[in-house]
Amino acid sequence: MAKRIPLDPSDMLYLLGENRQQPMHVGSLMLYNVEEGEDADEVAARTVALMHSYNEANAPFNYRLASRWLPFWQEDTEFDITNHVRHVQLPHPGEIKDLLQLVGVFHGLTIDRSLPLWYLWVISGLPDNRFAIYLKMHHSLSDGVSGARMIARAHSTDPDERNMLPFWAKPVKEKKRTPGGKTKSKSEQGIDPFSAAAGLVRSNRNIARALRDAWNNERVGTFQSDLFSAPATIFNQSITGSRRFAADSFSLSRIKAVGKRHDATINDMLLAMVGRALQRYLQDTGDLPSKSLRVLMPVNLRKDDSVGGNQIAFVRVEAGTQHQDIEKLLMAAKASVNAQKKLFSTLSKNEKLLYTVLSLGPLALNIVTGKLQRLKTANTLMSNIPGPRETLYWNGLELDAMYPVSFPLHQMAVNFTVISYRDNIELGIIGGRRRVPHLQKILQYMHDALDELEAISA
């Protein structure tokens, strides 16, 4: 009998909230350089053939959904790699815009739930002697941090290393860690019932206090007594299943240098860049609200090197879009982020998760039912995923860029995700095709915002 693996409640939410209009998978678009003298299209074809030779998968790539009374993961005993790995050739001469358009189409498609919930496409026909791999995986199997770790572990920093396994064939060892760094088995992690009950009472009391203070605008400082009411924009509508995708790279050193002159972190800078871009975009459409846009940001709760599943909480911050002056916009965004940091510093990991569940209740219910559209939690999402700082290789192929691909939601029709790689910030913007036309404009406005911030700090 195949092994059964229970789903965590946070993983279950991504399954319950999924429908044709709202697929719940995340992905990565990876571009590989091919050595001089070799043809990228031929290398791509060999890569597909090599991948098809690995017909056994390790966790979580071999997990498929099953159910009796409740859904659970079960190892797929009939795993077939040809269901998951495909080869696509762009018409010559292919361009990057053609690649991004294709990824947008693929990302709008749901994953067959009778199979392990992931697909991989090898895409050839690109310029500059490169080919691409687009990997997508259901969010119930992996969050962004976990996915980035899977990708990094499947690569090497040694360009001469060969006989490397593909993503799904590489073994992953889950470890439970104590504060001292030692591993413990699940059976060794028991706690007496009286301590557990006392801890639950303390957590509930702390959560109630945190929510009360947030409502009264004392500790959070950004909700202004309207905890579930972000301003209405064109992003706060129901979406269809079609997607637009835009991606680009920013210099990490440049963002750090400009941020240092403003005493701002990388997150502060990125939030201000997103805020300015959305401000200008909504001004173009005549839809800019007088109140600041609100941005939902995930917070990584992992304290070890584990992969798989979801260990994230969420905070909401203001993007400072009530200010036309770019410096005031940055300072407002920075103050909002600092207020959330102060709040979260007072909560334990479990309390942060509970706070997220309780404060984002309307969003979760709207994701699942679509019935609470008047309660707007935020206008957009922005994630910042730490990535590898060294150049990565897979069987000698240099990973030139890796762009994250997340998902929009009903009432939040655009999503910004960044990952650091080498000295770059790799940005992926995904949006509902009908709700966010001319998505490329937002990308250009982010570049303009960085130019503005650099100019006033010179």
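The values are calculated or read from the model by the stated rules, or taken from the named source; none is laboratory data. Everything numeric here is computed off the predicted structure, so don't read it as measured data. Cβ: placed from backbone, ideal geometry, glycine included. Neighbour counts: every protein chain shown.
Can you say whether A49 is hydrophobic (A, V, I, L, M, F, W, C) and either free of Cβ contacts under 8 Å to residues at least 12 places away in the same chain or closer than 17 Å to A401 by Cβ (or both), as far as the supplied structure shows? Here the answer is yes, as A49 does meet what is asked. Here is a check on your reading of the model: is A401 under 19 Å from the mean Cα position of the chain (by Cα), in the same structural domain as L293 (by TED's automatic domain parsing) and either of a type in the set (K, R) or assigned to a loop (DSSP other than H, G, I, E, B) (or both)? No; evaluated as a whole, the condition is false for this residue. When you look at I430, is it within 20 Å of S253 (Cβ to Cβ), assigned by TED's automatic domain parsing to the domain that holds S242, touching a residue at least 24 places away in the same chain (Cβ under 8 Å) and part of a strand (DSSP E or B), yes or no? Spelling it out, it is not the case that I430 is within 20 Å of S253 (Cβ to Cβ), assigned by TED's automatic domain parsing to the domain that holds S242, touching a residue at least 24 places away in the same chain (Cβ under 8 Å) and part of a strand (DSSP E or B).
Any residue in the range 414-426 that is farther than 16 Å from Q279 by Cα, part of a loop (DSSP other than H, G, I, E, B) and not assigned by TED's automatic domain parsing to the domain that holds G17? Within the range 414-426, one or more residues are farther than 16 Å from Q279 by Cα, part of a loop (DSSP other than H, G, I, E, B) and not assigned by TED's automatic domain parsing to the domain that holds G17. Grab the strands (runs of 3 or more DSSP E) fully contained in the range 80-153, keeping just those with 3 or more residues being of a type outside the set (K, R) and closer than 18 Å to P408 by Cα. Because the criterion is at least 3 residues that are of a type outside the set (K, R) and closer than 18 Å to P408 by Cα, the strands (runs of 3 or more DSSP E) in the range 80-153 that meet it are 130-138.
Inside the range 45-78, residues that are within 25 Å of R162 (Cβ to Cβ), aromatic (F, W, Y) and buried (at least 16 other Cβ atoms within 10 Å of the Cβ) make up a count of 1.
Look at (1) assigned to a helix (DSSP H, G or I); (2) in contact with a Lys or Arg (Cβ under 8 Å, 6 or more places away or on another chain) and you find that M12 fails only one, number (2). If the condition is being under 26 Å from A332 (Cβ atoms) and either of a type in the set (G, A, S) or in contact with a Cys (Cβ under 6 Å, 6 or more places away or on another chain) (or both), then the range 417-458 contributes S420, G428, G431, A449, A455, S457, A458.
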